[in-house]
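Working notes, beginning with the structure itself.
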Amino acid sequence: MRTATLILLTLGLFTTALKAQDPHFSQFFASPLTLNPAYTGKFNGTVRVSGNYRDQWPEISKAFVTSTLALDAPIFKGKLNSNDTWGVGVMALTDRTANGILNSNFISVSTAYHKALDEDGFHQLGVGFQGSYASKRLDGSQLNFENELALDGTWSNPSGESIDNTRIGVHYFDFNAGVIYSGSTTGDNNFYGGVSVYHINRPQENFTGGYYTLQPRVTIHGGGYFPTGENTTLHVSAQHSRQAGAFETLVGGALALTLNGDFDKPTSVYLGSWYRLKDALIPYLGLEWNDFRLGATYDVNTSSLKTASQRRGGIEISLIYIKRHSDGRKDIPCPKF
């Protein structure tokens, strides 16, 4: 029995997901190069390595599993204005949809220049650019159809559908850009805001014989951190993204408790929560020590999807390593992830 309706629904799901929304993280604040290319090199240190892992809706056939690994660093130190920074970076991202039926892989290279707007460098404006190579594959052999279901509940192959053993790949280049402003009033606090646009060149994809255009994703984001006591600091952040007909808004914050009393190189515990409007509550637990910062969140669905997901929106882990300056100098306040 042919199940054309199932094929159309399946391909429609992929098409909608690809056209409407990129891979994304609840801990957007801990994935700088997927949020805004202008964050490249914007940190206090000599090199930054960041990694993210997200398993979204695990109860729905491993719907989305996304991982990233990124490295960025400032260059030409000593050859620029003492408060200016030029950064370069590279990032790899992989995304598995529907338990591996659709696999997407990206390699990105980015650069950004941050110009000091005042003598102390407390206020800076950064502009960044990012080029990406994308490779995506749709694996029809992983699909199951109604006529493959045996009486004992197992699956038999093939189904006779034309897509059974089809592996369709697409490849293209992508271009992204962004700007960010970062400021401080005391040297101990920081506030920032930025705008980024991904898929500026509107690359085209073709899985099923018809081309469609990947629409730009526009993100507005901001936040900051502010000491609230001798050993406590409040971190807040928010972002709004829109791509084609899809959009999301996240707001939240976390309180950091410093255990060793060292503001410049703290050992801190973070406790807080973010909220994705009309979708999920996202509790956050973080730990910072030496040059590392580890973060963990767990999405708790509050939307109508909670019935299918059993309220299990997905777990997410982030880890950032920043090699700090060894000369003991006072750093300019930067956005902190």
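Overview of results
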| read-out | value |
| --- | --- |
| Of the criteria (1) out of contact with any His (no Cβ under 6 Å at 6 or more places or on another chain); (2) of a type outside the set (Gly, Ala, Ser); (3) in a strand (DSSP E or B); (4) surrounded by fewer than 19 Cβ atoms within 10 Å (Cβ to Cβ), which one residue 220 fails | (1) |
| Residue that is over 18 Å from the mean Cα position of the chain (by Cα) and not hydrophobic (A, V, I, L, M, F, W, C), where the choices are 79, 42 | 79 |
| Residue list for region 217-255, restricted to those being touching a Leu at 6+ places or on another chain (Cβ under 8 Å), among the aliphatic types (A, V, I, L, M) and under 20 Å from residue 293 (Cβ atoms) | 234, 238, 250, 254, 255 |
| Qualifying residue in region 160-167 (condition: assigned to a helix (DSSP H, G or I), within 29 Å of residue 92 (Cα to Cα) and at pLDDT below 95) | no |
| Any pair with Cβ under 9 angstrom, 6 or more apart, that starts in region 112-138 at a residue that is over 19 Å from residue 193 (Cβ atoms) and ends at one that is surrounded by fewer than 16 Cβ atoms within 10 Å (Cβ to Cβ) and charged (D, E, K, R) | 137/167; 138/167 |
| Residues within region 56-90 that are among the acidic types (Asp, Glu) and modelled with pLDDT under 90, tallied | 1 |
| Subset tally (residues that are over 26 Å from residue 325 (Cα atoms) and in a strand (DSSP E or B)) for region 255-280 | 7 |
| Test: residue in region 288-303 that is modelled with pLDDT under 90, hydroxyl-bearing (Ser, Thr, Tyr), assigned to a loop (DSSP other than H, G, I, E, B) and over 25 Å from residue 196 (Cβ atoms) | yes |
| Filter result for the condition that a residue is buried (at least 18 other Cβ atoms within 10 Å of the Cβ), modelled with pLDDT under 95 and within 21 Å of the chain's Cα centre (by Cα), over 138, 102 | 102 |
| Filter result for the condition that a residue is assigned to a loop (DSSP other than H, G, I, E, B), polar (S, T, N, Q) and over 23 Å from residue 296 (Cβ atoms), over 81, 105 | 81 |
| One residue from 289, 274 being within 17 Å of the chain's Cα centre (by Cα) and either farther than 19 Å from residue 224 by Cβ or not polar (S, T, N, Q) (or both) | 274 |
| Conditions (1) part of a strand (DSSP E or B); (2) surrounded by fewer than 18 Cβ atoms within 10 Å (Cβ to Cβ): number failed by residue 120 | (1) |
| Any hit, region 84-93, residues being in contact (Cβ under 8 Å) with a residue 24 or more places away in the chain, of a type in the set (Ser, Thr, Tyr) and farther than 28 Å from residue 202 by Cα | yes |
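Residues checked against (1) of a type outside the set (S, T, N, Q); (2) at pLDDT below 95; (3) under 24 Å from residue 112 (Cα atoms):
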residue: 176; (1), (2), (3): no, no, yes
residue: 206; (1), (2), (3): no, yes, no
residue: 209; (1), (2), (3): yes, yes, no
residue: 218; (1), (2), (3): yes, no, yes
residue: 224; (1), (2), (3): yes, no, yes
residue: 240; (1), (2), (3): yes, no, yes
residue: 244; (1), (2), (3): yes, yes, no
residue: 248; (1), (2), (3): yes, yes, no
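The values are calculated or read from the model by the stated rules, or taken from the named source; none is laboratory data. All values derive from a computational prediction rather than experimental measurement. Using ideal geometry, Cβ is built from the backbone for each residue, glycine included, and neighbour counts are taken over all protein chains shown.
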